[in-house]
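Enquirer: So that we are looking at the same thing, I have put the structure below in structure tokens.
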Amino acid sequence: MYGNDFSAPNGAPDDASGGLLGEVEAAEAELRAAAARGRCVGPAPDEDLAAYFTEVVDAEQKIEPRDWMPDAYRRTLIRQIAQHAHSEIIGMQPEGNWISRAPSLKRKAILLAKVQDEAGHGLYLYAAAETLGISRDELVQLLLDGRQKYSSIFNYPTLSWADVGAIGWLVDGAAIVNQVPLCRCSYGPYARAMIRVCKEESFHQRQGYEILHTLAHGTPAQQAMAQDAVDRWWYPSLAMFGPPDGDSTHSAQSMAWKIKRFSNDDLRQRFVDMCVQQAGILGLRIPDEDLRWNDERQAYDYTQPDYDELMQVISGNGPCNRERMAHRRAAHADGNWVREAAAAYAAKRAGQKETVAA
Amino acid sequence: MNGPFDFTLALGDDALIAAQRLAEWTTRAPEMEEDIALANIALDQLGAARLLLSYAGELESAGRDEDALAYLRDDREFRNALLVELPNDDFAVTMAKLFFLAAYQLPLYSALAGCADERLAAIGAKARKESAYHLDHGALWVKRLGDGTEESHRRMQAAVDQVWPYTHELFAADPAAPVDPATVRTAFDEVVGPVLAEATLTQPDSAWAPAGGRAGVHTEHLAFLLAEMQVLHRAHPGAKW
């Protein structure tokens, strides 16, 4: 409601996510079509459950919570959806850092609404994970115990207001490139959740782009702030696509299960190609001396992010890993007495109703 | 206070400072659903603040827009009641502040919806619907915490005791204003009394009634809140955001 009251800057593409929103809509149409034509009937009484599962996946139909599925498929999905949900919740912190200092009331409202959207994404992703037979409380505990991860990007600090713009443009942009194919994931509840998430993320990306556009066309200090943010967020954003294909441990099996549709490197390339054009309109420089168009590949050549740094951040040694976790744990611990009170109050009400009924 | 400008500014400042405090809960709430709910209420307050401050700027006719009023005034020029600037403290204190504020804003905005000034009437009509939700939310938590566990009861009673004295300032008489706040005291009492009783809480009987916010004499807390809120805007004079 409060999130969309800004006008498009001159020259901004209508869909800053480079046409990806169209793919989300296509995935949604595909989902409806699949539901309309119905799944292959089965499994027949004598049919192998595993064979039926493969048949459904190969036919581009959706696996639903009550269906039989391989244990490893279930575990992979729980890990991936939970990690995604945790990322939304932890991801509220770096941007939340600027709500109190947002430079205009309009920007404050937009940012507050955005961070609130992320909490909402977290909630419906936890709900999607719960369809696989694990509770939100268990998943939250796994996060707090450090036994499940969240996206490493949120372990970088937001040092200026322009970082809010850079997160929207680059981090949300990378997230969309990663997530759009998930709208066609073989697991129905995840695919449906991702369609909704992607639509809102696309909106967030546009807001970030607009913040940077305003700064890049503002005072010299604002321009410098915007360039500095892009300089710091570019390579960590490239690293969001994960290790290079040769080193990715989960990729091949996830591709076969149609949880994943494209390789890490393919998605990274797609992101780079999308950003180069937009950076030009923004008037900001991508911090890569070797970035240039390759006519043969019909794509940009670019410098890889520092994967050693990525491994360091994943293993807990990014600039803010400790703070992010300490913050989440403190919020959870401080809220304990409130949650206990709510449970006690609800139990008393339930008891009263029973007494009345008896 | 005197006339529609001061009145509109005071209401706008109440809403703005309440929004700033509520937004501090983002990423810190006791439950994820509550994180979303508090952000919702903060957005409502911020939305009302923007309408009220914009209109105040027009009434003043000195060329100040919502941002000039929000970012370029010092604490002595703010006209919010002290209640909204008090630190959040624990969740019980925040809920006491939310509940009392909503129990004041709902009848005030409702009366405003019927006032002669068309702009204020429109703002009142919009904001009262939101206040009704804030009041429900605050009242539910006051009851849950008051009648929850021993610890939550102790904290909620302490919170009510701590915040209650600051409610009196909200109803300071101002017969010249579009709606005299003194006239909504009865509606406030009629809502607050039964909720506190149902929450097994005691309504405080304190004679202390701190005031000064409407005259720009605040607690020590407001200047810190403004320093943080205004720092970036003031660091770049004249910049567009």
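Enquirer: Restricting attention to the range A:66-108, which residues are outside any helix (DSSP H, G or I), under 22 Å from the mean Cα position of the chain (by Cα) and in contact (Cβ under 8 Å) with a residue 40 or more places away in the chain? Steps first, answer last, please.
Expert: Here is the first cut: in the range A:66-108, the ones outside any helix (DSSP H, G or I) are A:66-70, A:97-104.
Now drop any that are not under 22 Å from the mean Cα position of the chain (by Cα), which leaves A:97-99.
Of everything in the range A:66-108, those that are outside any helix (DSSP H, G or I), under 22 Å from the mean Cα position of the chain (by Cα) and in contact (Cβ under 8 Å) with a residue 40 or more places away in the chain turn out to be A:97, A:98.
Enquirer: Here's something else I'd like to know. Condition first: buried (at least 22 other Cβ atoms within 10 Å of the Cβ), under 18 Å from residue B:131 (Cβ atoms) and of a type outside the set (Phe, Trp, Tyr). Can you find one or more residues in the range B:22-30 that meet it?
Expert: As a first pass, look at the range B:22-30 and keep what is buried (at least 22 other Cβ atoms within 10 Å of the Cβ): B:22-23, B:26-27, B:30.
Checking the rest, the ones that are also under 18 Å from residue B:131 (Cβ atoms) come to B:22-23.
If we keep only those that are of a type outside the set (Phe, Trp, Tyr) too, we end up with B:22-23.
Checked against the condition, which is being buried (at least 22 other Cβ atoms within 10 Å of the Cβ), under 18 Å from residue B:131 (Cβ atoms) and of a type outside the set (Phe, Trp, Tyr), the range B:22-30 yields at least one hit.
Enquirer: Output the residues belonging to the range B:152-183 that are surrounded by 16 or more Cβ atoms within 10 Å (Cβ to Cβ) and within 14 Å of another protein chain (Cβ to nearest Cβ).
Expert: Passing the criteria: B:152, B:153, B:155, B:156, B:157, B:159.
Enquirer: Search the range B:169-188 for residues that are part of a helix (DSSP H, G or I) and pair each with any residue that is small (Gly, Ala, Ser) and surrounded by fewer than 16 Cβ atoms within 10 Å (Cβ to Cβ) when their beta-carbon atoms are under 6 Å apart and the residues are at least 6 apart or on different chains.
Expert: Short answer, once both residue conditions are applied: B:169/B:211; B:171/B:182; B:182/B:173.
Enquirer: Return yes or no: is residue B:37 within 30 Å of residue A:324 (Cα to Cα), hydrophobic (A, V, I, L, M, F, W, C), at pLDDT 95 or above and part of a helix (DSSP H, G or I)?
Expert: yes
Enquirer: Can you give me the number of residues within the range A:241-272 that are over 22 Å from residue A:189 (Cβ atoms), of a type in the set (A, V, I, L, M, F, W, C) and surrounded by fewer than 19 Cβ atoms within 10 Å (Cβ to Cβ)?
Expert: The total comes to 1.
Enquirer: What residue, of A:112, A:159, is at the interface with another protein chain (Cβ under 9 Å from one of its Cβ atoms), in contact with a helix residue (DSSP H, G or I) (Cβ under 9 Å, 6 or more places away or on another chain) and closer than 25 Å to residue A:234 by Cα?
Expert: Numbers: A:159 fails: at the interface with another protein chain (Cβ under 9 Å from one of its Cβ atoms).
Of A:112, A:159, the one residue that is at the interface with another protein chain (Cβ under 9 Å from one of its Cβ atoms), in contact with a helix residue (DSSP H, G or I) (Cβ under 9 Å, 6 or more places away or on another chain) and closer than 25 Å to residue A:234 by Cα is A:112.
Enquirer: Would you mind finding the one in A:224, A:191, A:166 that is small (Gly, Ala, Ser) and within 14 Å of chain B (Cβ to nearest Cβ)?
Expert: Numbers: A:191 fails: within 14 Å of chain B (Cβ to nearest Cβ); A:166 fails: within 14 Å of chain B (Cβ to nearest Cβ).
That would be A:224, the only listed residue that is small (Gly, Ala, Ser) and within 14 Å of chain B (Cβ to nearest Cβ).
Enquirer: In the range A:224-234, which residues are in contact (Cβ under 8 Å) with a residue 12 or more places away in the chain and more than 14 Å from residue A:157 (Cα to Cα)?
Expert: At the first step, the residues of the range A:224-234 found to be in contact (Cβ under 8 Å) with a residue 12 or more places away in the chain are A:225-234.
A:225, A:226, A:227 - these are the residues of the range A:224-234 that are in contact (Cβ under 8 Å) with a residue 12 or more places away in the chain and more than 14 Å from residue A:157 (Cα to Cα).
Enquirer: Sticking with this structure for a sec: Look at the range B:41-72 and say how many of its residues are in a helix (DSSP H, G or I) and touching a His at 6+ places or on another chain (Cβ under 9 Å). So that I can check it myself, show each step before the final result.
Expert: Taking the range B:41-72 first, the residues in a helix (DSSP H, G or I) are B:41-60, B:66-71.
Imposing the further condition that a residue be touching a His at 6+ places or on another chain (Cβ under 9 Å) reduces the set to B:41, B:44-45, B:67, B:70-71.
Number of matching residues: 6.
Enquirer: Within the range B:50-96, track down each residue that is surrounded by 17 or more Cβ atoms within 10 Å (Cβ to Cβ), within 20 Å of residue B:213 (Cα to Cα) and charged (D, E, K, R).
Expert: B:50, B:66, B:73, B:75, B:79, B:85
The values are calculated or read from the model by the stated rules, or taken from the named source; none is laboratory data. Since this is a predicted model, take the numbers as computed values, not measurements. Glycine also receives a Cβ, built like all others from the backbone with ideal geometry; neighbour counts cover every protein chain displayed.
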